[in-house]
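The values are calculated or read from the model by the stated rules, or taken from the named source; none is laboratory data. It should be emphasised that the depicted structure is a prediction, and the values quoted were computed from it without experimental measurement. Cβ sites come from the backbone with ideal geometry, for glycine too, and all protein chains shown count toward neighbours.
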Amino acid sequence: MKIAFTSCFSATVFAEQPVWRQILAHKPDALVLTGDSIYIDELTHPTHPKAMADFEFFRLVAVKYRQQLAQADFAALIAAVPTYAIWDDHDFLWNECYEEKAIQKKVYAGHIRASRALFNAYCAHLEGKQQFPADDSDARLWSADEPAPGYRRVVMDVPGGAAVHLHLTDGRSWRVNRTLLGAKQRTDIGLAMEAAPADTLHLVASGSVIEAHKGDQWGSFEDLAWLRELAKKHCIACLSGDIHANDFHRIPTDNGRMVYDFTASGAAIRRAIWIGTECQNFGLLEIDATELRGQWFRFGKPAALAPVTINRSNWQLQP
Ligand SMILES: [Fe+2]
């Protein structure tokens, strides 16, 4: 089984997005998008989105999703490959929304309602459940109590081997102070892992990387201790985004088992969104009954980052 993953793309910055053709050429069984499918706060509008009235904000975001879904190579890929997305800061609200505690501010309730409704509609389109509404007045986009995307789990079967469970986290709706996922989401993930057969491979999709030297990371939150505790018992590999680069990290637990963090970010963006080097990055996991192999690509060619192989039975990196 092959799972492609990447994050961070903007049809406004890059109308041409060859990365999706490069991914399709590998014929993956699934594609996981780990955040920033759109950039709500890119500099395309004279007003910062936080200062917009609710309907103006809604229209801005809706246009961005329609533009991305209309991107020809993206449309061809998602039509051919089951695709799952989570959101990060730029498709939830804007860059500094965590720092300003936007989820606790009443003044942003209308913005959050709109971004939830439009992201949920985007995911439904990606998963082939319903077309993204063509009309802003579509009643499906105007539920007064639109739920957060929240935590979801997708079970995938590996021929001849133990299943893969893809845990789609919502790292933005409850991120405040030192809490990243929130108690309910952590409980739900813990219970799901507990209920799964012991040899299940758990892929945890997260916008933020687990550990890094700077920027958003699980290391700034109490959730990292929780994740490391889970990893003492379960085989956990994270698929993360955000940093506009490919990366790989091993995070040890107290009993020597690892959490592995596979980062692929910068599908169709520049290093600093509008400025800097162009990125065309993605990752590919190949999973069979005995191994998990990860590799990264840049501009359609193997990236400088060396491929890794993890043994599924002892959950150690192969030399
Ligand atoms: Fe990003």
- Residue tally, condition away from the ligand (no atom under 11 Å from the Cβ), touching a residue at least 40 places away in the same chain (Cβ under 8 Å) and surrounded by fewer than 21 Cβ atoms within 10 Å (Cβ to Cβ), over segment 248-277: 7
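In segment 137-194, what count of residues is obtained for those that are farther than 21 Å from His125 by Cβ and either touching a Pro at 6+ places or on another chain (Cβ under 6 Å) or not in a loop (DSSP other than H, G, I, E, B) (or both)?
The initial filter retains those residues of segment 137-194 that are farther than 21 Å from His125 by Cβ, namely 144-145, 155, 157-165, 167, 171, 174-194.
Now drop any that are not either touching a Pro at 6+ places or on another chain (Cβ under 6 Å) or not in a loop (DSSP other than H, G, I, E, B) (or both), which leaves 155, 157-158, 161-165, 167, 176, 179, 183-194.
Residues meeting the conditions: 23.
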- Query: Taking the condition in a loop (DSSP other than H, G, I, E, B), among the hydrophobic types (A, V, I, L, M, F, W, C) and within 11 Å of the ligand (Cβ to nearest atom), does Ile243 pass?
  - Reply: yes
- Name the residue, out of Ala237, Ala225, that is within 30 Å of Pro18 (Cβ to Cβ) and either away from the ligand (no atom under 16 Å from the Cβ) or touching a strand residue (DSSP E or B) at 6+ places or on another chain (Cβ under 9 Å) (or both). Ala237
- Query: Tally time: how many residues in segment 273-303 are modelled with pLDDT under 95 and assigned to a strand (DSSP E or B)?
  - Reply: 6
- Task: Looking for whichever is touching a residue at least 40 places away in the same chain (Cβ under 8 Å) and surrounded by fewer than 21 Cβ atoms within 10 Å (Cβ to Cβ) here; the options are Val158, Val164. Which one fits?
- Result: Val158
- Would you kindly identify the helices (runs of 4 or more DSSP H) lying entirely within segment 28-136 that contain at least 1 residues that are buried (at least 19 other Cβ atoms within 10 Å of the Cβ) and hydroxyl-bearing (Ser, Thr, Tyr)? 54-70, 109-126
